[in-house]
Structure formats: structure tokens, C-alpha cells
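Contents: one structure, followed by commentary.
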Amino acid sequence: MRFPIEEVRAAYPALSDGYAYLDGAAGTQTPAPVIEAIARAYREGIGNVGGAFPASRRSDAIVAGARRAVADLVGGDPRGVIFGPNMTTLTYRLSRALVGPGDEVVLSRLDHDANVRPWVQTGATIRWAEVDTVTGELPVEQYGELIGPRTKLVAVTAASNVLGTRPDVAAITDLAHRAGALTYVDGVHATAHGPVDVRELGADFYATSAYKWSGPHIGAVVADPELLETVRPDKLASSPDDIPERFETGTAAIADLAGVTAAVDHLAGLAEGNGTRRERLLASMAAAEAHELALFDVLIEGLQTMPDVTLYGKPARRTATAYFTVAGRTPREVAEHLAGLGVNVWNGHNYAWELTGALGIREAGSAVRAGLVHYNDASDVQRLLEGVRSIPRGRP
Ligand SMILES: Cc1ncc(COP(=O)(O)O)c(C=O)c1O
């Protein structure tokens, strides 16, 4: 299927500034319909939810619409979509409600620290799944040893935010479920890069963040409503006890939730297609993934031809995310050089704290991350490659 890259790019006002935005893994740019949906909510008037007057009813509709949209995006149930300021805050909150001292939790060193530290700090006993530091894979076999009768929960990422590795989450969650454990899957990086089905993944909890997929800064966790009925987070005496509301603290960013729905609608329309929004999302995200991976082949091959570039990881299944260093230059120097040429990349550990420690690169500034999302094109890739080629070699 042809991916309409020119039309897709035209939807993003920020892309007209001439920069090559290869920093999407840290947060994407925002298309016009999302900006307009947020502005429209404010312009038309919103109120707190649950009131008797029209502006409040508009807010009720915005919140309900956003739950339906995120459910469509990941194949979940709208009654199980919890919103919060970001994934980290939601994970801290849920971790306290799900596990505590005396429980065993299995974590992976591939994960972003937001799916690690909140669990560690519950006081639970941690068992670690290790990364193959050469391939960047998270071998499934080790989970047979790690998961046991005392395991309360297995937390694992659906994709690494630096290496792009897509572990075999379905196999890991299957082992967890056989042992009676819950699963908490970090989909923050993965959601932007292809179709998602939380049931296929076996994710009891699936966390995502709209600002990684063209939406505003809103986090969401998607779970089976029946499971949520059994979980009791700390909450105010006065706030609703229903699900999913009892997992949401304080007043929601209501206008931004209008932007969440617009972002999902935008993703559903990336490629041509008919059917329900869920069906269009599956087709669009598959087309976006194919587009990204085709460009990524060129990016990786280009970096591989440069003898002084070290690429980290070569996982079999991955997102279009490259993590590399250039001999003799710190990651920050590389990022600054590229920024001077109008190419946006990230340098540093990108919160992949355990992973950069395991790779032994954290102390030296970790590496440079260049990631592709659906709005990147061939010229972005060429500009990155030319930029890396043009870095002055050797110390002056
Ligand atoms: C894989 C992954 N997990 C979790 C997070 C944290 O998400 P948030 O910024 O919504 O707290 C990020 C953010 O970079 C991420 O890339």
C-alpha cells in the first residue's frame, strides 16, 4: 500500500520549520486537527465533569469520547481506559495499588525506568530479566526461571525506547498468566509504531502516552474493567468510586482529551481505508510501520557503512529506532553538530537507565538516538546520514 507521506507531513504545521524531526521517540509533533480540537474545546466552553449545564455535559462527552478512542487504538474496552498526566505518574499510582512488600515482581533491564523504578520502590522483591547486550534482545527463555508461584506481577516493555527491540511480549505474559501473575506492559514507545492489540499481547495493564503518537501530553492505562473492579487505589473520600474514575486523581486535562480523540482519528486516517475506526487504525498503523521500516533500512545501512559508528542492538523485531555512538565524539557533541545542520536527535540514556548501565555506556553519556515516526521521509534520513558523515573526525 502506498503511504501518502506528502499528505501526512502537510498535516503537521511544525514540520514546515525545515528541521528533520528524528526525535519522535521523545515526543511527536502535533497535527492541525489535534491543535484545532483542543482549541475548539476551550472556545466552545468546558466545565468540570458531571454537572447539570451544557458546558459540563460537553466535558462528559469529551472524556467518554477519548476513552472510546484509546480503546480503539489498542483494542481495549473504553470502561477500562484510565487517564492521567503521563505514563510515569499512572504507573507510580497503579504500582502502589497492585504490589507491596512481600510480593515478587519480575522486571526487565530493557525497560524505560518508568516501568522499573515505581515497582522497585514498592518494596517488592525484584527478579531481573537480562538483555543480550550484543543483539539487544530480551530472551524469553529466562522468564521460565524468573516467574514462579510467588510472582505477583511481570512488568515488561512492548518496545525499547532506545534500541527499538520488540520482545516477545505474548510469550512472556503467557508464562506470567500460567503462574497466576498479572502483567503490566509499557506500550509508550510501541504504540506509535504499529498496530496494537492488548489481548494478543496478553497485557492486563497496557500503558501508553498520547504525546508519542501525535496527541497532547496525556497518559493512559488500559485494563479489563472486571480486573479494575478488584483493585482499590488510594483515593479521596469524596471522589467517584466507579471504574475507571477511581484511578484518576484530581481534575482531568479535559480540553487535551479532545486532542487525544483527534489524534486517534488522525492515526486512523494515515492510510486510505474503510470500516470501523478500529479497522482503519489497524490498516493505517500497519502502513505506517511498513513506511518507517523501509526508511529505517536505509538509515541503518548508511550508519553501518561508517567504520567509526557503533550501533547498539540488532534485534530481529524492532521499531525504527537507532542508538549509536561516533568514535572520538561524545553523544552530546554529535547531537549538537546535527542540530546545527537542522537535524533533531536525542543524546543520553533517555531514561533507559538499566539498559545503558548494562551496555556500559551510561557514564560516558550513553549514545545518540535517531528515531523515525510516520511523518519522517527519505530526506530526513539522508540529512541524518550526511550530518553524521560530516562530523569532524579526531580531536582538534
Ligand atoms: C518506553 C517508554 N516508557 C515510558 C515512558 C514515560 O512516559 P511518560 O513521559 O508518559 O511518563 C517513556 C517516555 O519517554 C518511554 O519512552
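The values are calculated or read from the model by the stated rules, or taken from the named source; none is laboratory data. Bear in mind the structure is a predicted one, so any value in this text is a computation, not a measurement. No Cβ is skipped: glycine too gets one built from the backbone with ideal geometry, and neighbour counts run over all protein chains shown. Accessible surface is based on the protein model in full, side chains and every heavy atom, while ligands, DNA and RNA are left aside. Shrake-Rupley method; radii C 1.70, N 1.55, O 1.52, S 1.80 Å.
Put the Cα centre of the stretch 203-227 next to the Cα centre of the stretch 12-71 and the gap is 15 Å. Here the accessible area of the chain is 53 percent carbon and sulfur, with a 1.4 angstrom probe and all protein chains present.
Peptides 14-20, 102-108, 265-271: what's the order by average Cβ count within 10 Å, highest mean first? Could you put the intermediate results ahead of the total?
Values: 14-20: 13.7, 102-108: 20.7, 265-271: 22.4.
Listed from highest to lowest mean packing, they are 265-271, 102-108, 14-20.
Does the stretch 107-243 classify as rounded, prolate or oblate by the C-alpha gyration tensor (a ≥ b ≥ c root eigenvalues; a/c under 1.5 gives rounded; else a/b over b/c gives prolate, otherwise oblate)? Oblate, because a/c is 1.5 or more while a/b does not exceed b/c.
With a 1.4 Å probe and all protein chains kept in place, how do Lys212, Lys152, Lys314 rank by accessible area, largest first?
Values: Lys212 30, Lys152 75, Lys314 135 Å².
From most accessible down to least: Lys314, Lys152, Lys212.
Spin-label model, Val134/Ser239: points 7 Å from Cα along the beta carbon direction are separated by 4.9 nm.
Pairwise Cα separations in the stretch 233-299 fall into 5 Å bins from 0 onward with the following percentages, short to long: 3, 15, 15, 12, 12, 13, 11, 10, 6, 3, 1, 0. Measuring only protein heavy atoms, the 1.4 Å probe finds His349 accessible over about 60 Å².
For the stretch 130-229, applying the loop criterion from DSSP together with a ceiling of 12 other beta carbons within 10 Å to the GluC sites (Glu not before Pro) yields Glu141. Once Rh is set to the Kirkwood radius over Cα pairs, what Stokes-Einstein translational diffusion coefficient, in µm²/s, holds for the stretch 1-136 at a temperature of 37 °C and a viscosity of 0.692 mPa s? In µm²/s, the coefficient is 172.
Hey, what's the Kirkwood Rh for the stretch 75-145 if you take every pair of different alpha carbons, in angstrom? Let's see the in-between values first.
On the way: mean 1/r = 0.0727 Å⁻¹.
For the stretch 75-145, inverting the mean 1/r across all distinct Cα pairs yields 13.8 Å.
Placing unit charges on the Cβ atoms of the charged side chains and taking the dipole of the chain about its Cα centre, the candidate lying farthest along the positive direction among Gly275, Ser160, Ala39 is Ala39. Largest accessible area first, the residues Arg232, Arg393, Arg369 order themselves as Arg232, Arg393, Arg369 under a 1.4 Å probe with ligands, DNA and RNA left out. Accessible area per residue (1.4 Å probe, heavy atoms of protein chains only) ranks Thr173, Thr125, Thr325 as Thr125, Thr325, Thr173, with the largest value leading.
Please give the per residue accessible area of the chain, computed with a probe of 1.4 Å over protein heavy atoms only, in Å². Please report the intermediate quantities before stating the final value.
On the way: 16150 Å² over 396 residues.
I get 41 Å² per residue for the chain.
Assuming a ≥ b ≥ c are the square roots of the Cα gyration tensor eigenvalues, decide whether the chain counts as rounded (a/c under 1.5), prolate (otherwise, with a/b larger than b/c) or oblate. Oblate. Among beta bridges identified by DSSP and lying wholly in the chain, the antiparallel ones come to about 50 percent.
Across every pair of non-identical alpha carbons in the stretch 274-377, the mean reciprocal distance, once inverted, gives a Kirkwood radius of 15.2 Å.
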